[in-house]
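Reviewing the structure listed below.
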């Protein structure tokens, strides 16, 4: 039997590197040998230290087998039998809740450069709502830095991207170096098993709206003000549009808004991911961009902030029919501004009001009536075109977030719908 079947484990993140049994460095400098047919390690001490000059430890499979009286010509111990092995995925790691909560301290937003930019752009009210919606946080890693948390639909925090922006231009600070890092790296948690999700994924519990995907977190946040009929999420970069992140979108209506010069790549990815759902790729920027704008690599937010967001609210006379992309869904035409959660001057006061009785009454009411088959105008801003989907998603949201002020608008909309139906049935 040839020793070629044993190779040093290929690098696949720090989980595939280990402390050296010889020099015992804190950094993981040791590569173990694996059996290429089973994927298993030979032994924890069989491998090579990457510090070849300072350590030089190298214990080969051949030496190991000789030292343990294992012949290449005799049957191997059970652990080394040639059989296909499917490695079990390690459980996903999450950011500690206390770290997440500490980053949301309302008094720290006065130091957050990105939040300052949002206030300059939209005013305190809208900026406060955006902070609440996307859990925009503050980091002490750099003065004025922002944390964009990746929160999944179960409310678990996968990781957070730390970035530094200019408070006046909203551009990333890239000099004297690119100011970007990750919370899980800063915490230096051993054996952290990272599995990223979409930025804004927690918003997908609302199933009544179509989904829009952009590259950057900043673009998703800004676009949600101008075009609130979509749920805006971000993948983090041009190359991060992948099956693992998009699996949560199965069955959803999804539109991709790539940055300039990313249209071809995302069009190709849309075809590859078509087994998940149908992805429509917007060519809006490709059609409108000048040559200079292409060289700058502008994104959707760069265009949107040239306009007053209030100009995107359609007149009521034009709000009767939703656009084709959101047929049979709820369309909210202007930007909805529920009560701000973060005021940038004092912490939010805890809300002790129980919604339990309200939820029970709403469930019983909607379960015992015939729902309207036609569109229902909820208020001057919103039209419901599918009452059943609207009620199902809103009830699920309020049940999962009882008493949380951020989600009070969902309860209020259900109560508004109940009142409208009751009045129409009189």
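If you check residue 151 against the conditions, is it closer than 11 Å to residue 112 by Cα and in contact with a helix residue (DSSP H, G or I) (Cβ under 7 Å, 6 or more places away or on another chain)? No, not satisfied.
A quick yes/no check of all residues on (1) loosely packed, with under 14 Cβ neighbours inside 10 Å; (2) within 25 Å of residue 92 (Cα to Cα); (3) at pLDDT 95 or above:
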{"position": "191", "(1), (2), (3)": "yes, yes, no"}
{"position": "203", "(1), (2), (3)": "no, yes, yes"}
{"position": "212", "(1), (2), (3)": "no, no, yes"}
{"position": "232", "(1), (2), (3)": "no, yes, yes"}
{"position": "251", "(1), (2), (3)": "yes, yes, no"}
{"position": "260", "(1), (2), (3)": "no, no, no"}
{"position": "290", "(1), (2), (3)": "yes, no, no"}
{"position": "294", "(1), (2), (3)": "yes, no, no"}
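For the stretch 81-91, the condition holds for at least one residue, the condition being that it is under 22 Å from the mean Cα position of the chain (by Cα) and modelled with pLDDT of 90 or more.
Can you tell me which condition residue 187 does not meet? The list is (1) farther than 18 Å from residue 93 by Cα; (2) in contact (Cβ under 8 Å) with a residue 24 or more places away in the chain, and all the others hold. It fails just one condition, (1). Check off (1) in contact with a strand residue (DSSP E or B) (Cβ under 7 Å, 6 or more places away or on another chain); (2) surrounded by fewer than 16 Cβ atoms within 10 Å (Cβ to Cβ) for residue 236 and give me the number that stays unchecked. Of the numbered conditions (1) in contact with a strand residue (DSSP E or B) (Cβ under 7 Å, 6 or more places away or on another chain); (2) surrounded by fewer than 16 Cβ atoms within 10 Å (Cβ to Cβ), the odd one out for residue 236 is (2). Residues in the stretch 339-372 that are at pLDDT below 85 and surrounded by fewer than 16 Cβ atoms within 10 Å (Cβ to Cβ): 339, 343, 345, 346, 347, 348, 349, 350, 351, 352, 353, 354.
Please enumerate the residues belonging to the stretch 297-317 that are surrounded by 14 or more Cβ atoms within 10 Å (Cβ to Cβ), in a helix (DSSP H, G or I) and in contact (Cβ under 8 Å) with a residue 12 or more places away in the chain. Hits for the stretch 297-317 are 300, 301, 303, 304, 309, 312.
May I ask you to verify whether residue 153 is touching a residue at least 40 places away in the same chain (Cβ under 8 Å), assigned to a loop (DSSP other than H, G, I, E, B) and under 18 Å from residue 302 (Cα atoms)? No; evaluated as a whole, the condition is false for this residue.
The values are calculated or read from the model by the stated rules, or taken from the named source; none is laboratory data. Please read all numbers here as calculations on a predicted model, not as lab measurements. Heads up, the Cβs are rebuilt from the backbone with ideal geometry, glycines too, and the neighbour counts pull from every protein chain shown.
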